[in-house]
Amino acid sequence: MALPSGSEVDLPLGPTTDQLLLQKNLWGILNSITEGILVVNQDLVVTQLNKAALEITGFPSSEILGQPCLDIFRGSLCESHCFMAKSQNGQTSKDVEVEIIRRDGTTRAVAVTTSLLFDSSGLAEGVVVVFRDISEHRLLKEQLKGKWRLANIIGKSPTIQRLFQKIQQVAPMDTTVLIQGESGTGKELVAHALHYYSPRASKPLIKVNCSALVETLLESELFGHVRGAFTGAICDKIGRFEAAEGGTLLLDEIGDLSHYLQLKLLRVLQEKEFERVGEVKPRKANVRVLAATHRDLKDLLKKGLLREDLYYRLKVVPIHLPPLRERREDIPLLVKHFVAKYNKEMKKGILGPTQDTVAALMDYHWPGNIRELENAKVVEI
């Protein structure tokens, strides 16, 4: 189309000095963060990257720029489907955990997030890939999971073997479990095993001791509160139910809950929702509840100290932990375990007690159960 006589046309200019400085500062910032960043075009060829991307993948920039991202993200990221190609179709990803193969052949666990990159006209021109190294986090998580595996519940007695079977049966179920037993029998250890063998294992296990706080503080601790709900509530606070979102909440010493909090807990168990203190907006609770107590809940029920409807909501699946005096054949195994544990922690070489001492330990009634045994000081004459 011909231009009118005497008209002026703005010719496209290159980037100004300010724009170049802005780009330099931007990449200076991107090179200072620990997350790797790659930019790929519509042909899935790498066009830009930051310093962390080089460190995580182990490639020099000369072997990444201008190369297909498939050559960089080798491994499980590209085996079944391509996140970059999916992102081009609008299916972006967030914190997807995968393993990549580095330049030296070693593997590295990373969490990948992708998003579309648009040009000045609003058209998609590529994909931004942000990935962070989670190898250490995954290792720690596996070590923590190993800490709570069934092998750490020491014993070969018939009662303990039945306990193992019940944990394996119940852990995959998303139901409430009531763990009962005397103090020191290992209720918290069983709760951890139920969580880490469940589909919720990747989410948090949050614990709260129901006997440690007065009613008003415990309500806030469980359900959270909003600013101004009471004196000292200077800001909003999430409760343990929100902190355990997607995971498991262990309510220890459940028998010490007041009637008021029993009613609020019952609502959560029945309707899967709760309200923060000082708020009328209901919030969903995607949480599996485990309850533990050393008290006889049937006795509390008879005395009117426990709501009957809550009792039956809690004991959907009851697990009873036997006292140590009812599984004396496990005492030698427990002694051996604790000797090995503290030898490792304290860098000692103690061989352990004699047969006569072990026999004496087996004759004792252990009112404090396994906790008492672990902390016992044995003096041989």
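Below are the figures for this structure:
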{"read-out": "Max mean-square fluctuation residue, GNM over the chain, Cα-Cα springs under 10 Å, options 338, 241, 223", "value": "338"}
{"read-out": "Alpha-carbon Rg/Rh ratio, for the range 262-311, with Rh computed the Kirkwood way", "value": "1.05"}
{"read-out": "Residue exposure sequence - 94, 264 - by fewest surrounding Cβ within 10 Å", "value": "94, 264"}
{"read-out": "Zero-based 5 Å bins, Cα pair distances in the range 325-374, whole percents", "value": "5, 20, 32, 22, 14, 7, 1"}
{"read-out": "Principal-axis tilt of helix 259-271 within the chain, Cα atoms, nearest 10 degrees", "value": "50"}
{"read-out": "Alpha-carbon centroid distance for the pair the range 309-341 / the range 212-282, whole angstrom", "value": "29"}
{"read-out": "Relative frequency of Cα-Cα separations exceeding 41 Å in the chain, percent", "value": "41"}
{"read-out": "Environment charge at residue 39 (Cβ cut-off 13 Å; Lys +1, Arg +1, Asp -1, Glu -1)", "value": "-3"}
{"read-out": "J(HN,Hα) series, the range 38-55, from Karplus relation 6.51 cos²θ - 1.76 cosθ + 1.60, nearest Hz, glycine and proline x", "value": "10, 10, 10, 8, 5, 8, 6, 9, 6, 10, 8, 7, 10, 5, 4, 4, 5, 5"}
{"read-out": "Residue pairs, from the table 203/336; 187/303; 237/341, whose Cα atoms sit over 28 Å apart", "value": "203/336; 237/341"}
{"read-out": "Most mobile listed residue (179, 254, 101) in the chain, GNM with C-alpha springs under 10 Å", "value": "101"}
{"read-out": "Paramagnetic label zone (point 7 Å from Cα along Cα-to-C-beta, residue 243; backbone N under 12 Å) in the range 250-287", "value": "250"}
{"read-out": "Gain in span if fully extended, residue 33 to residue 235, counting 0.36 nm per residue against the direct Cα distance", "value": "69.6 nm"}
{"read-out": "Karplus-derived 3J(HN,Hα), 6.51/-1.76/1.60, for each residue of the range 160-170, Hz, glycine and proline x", "value": "6, 4, 5, 5, 4, 4, 5, 4, 5, 6, 7"}
{"read-out": "Gain on full stretching of the segment that runs from residue 103 to residue 339 - 0.36 nm per residue minus C-alpha separation", "value": "80.5 nm"}
{"read-out": "Long-range amide H partners of residue 250 with built H, under 5 Å", "value": "206, 207, 208, 290"}
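Each reported figure results from applying straightforward, stated rules to the coordinates on display, with no laboratory input. Everything numeric in this text was worked out from a predicted model, so none of it was measured. Cβ sites come from the backbone with ideal geometry, for glycine too, and all protein chains shown count toward neighbours.
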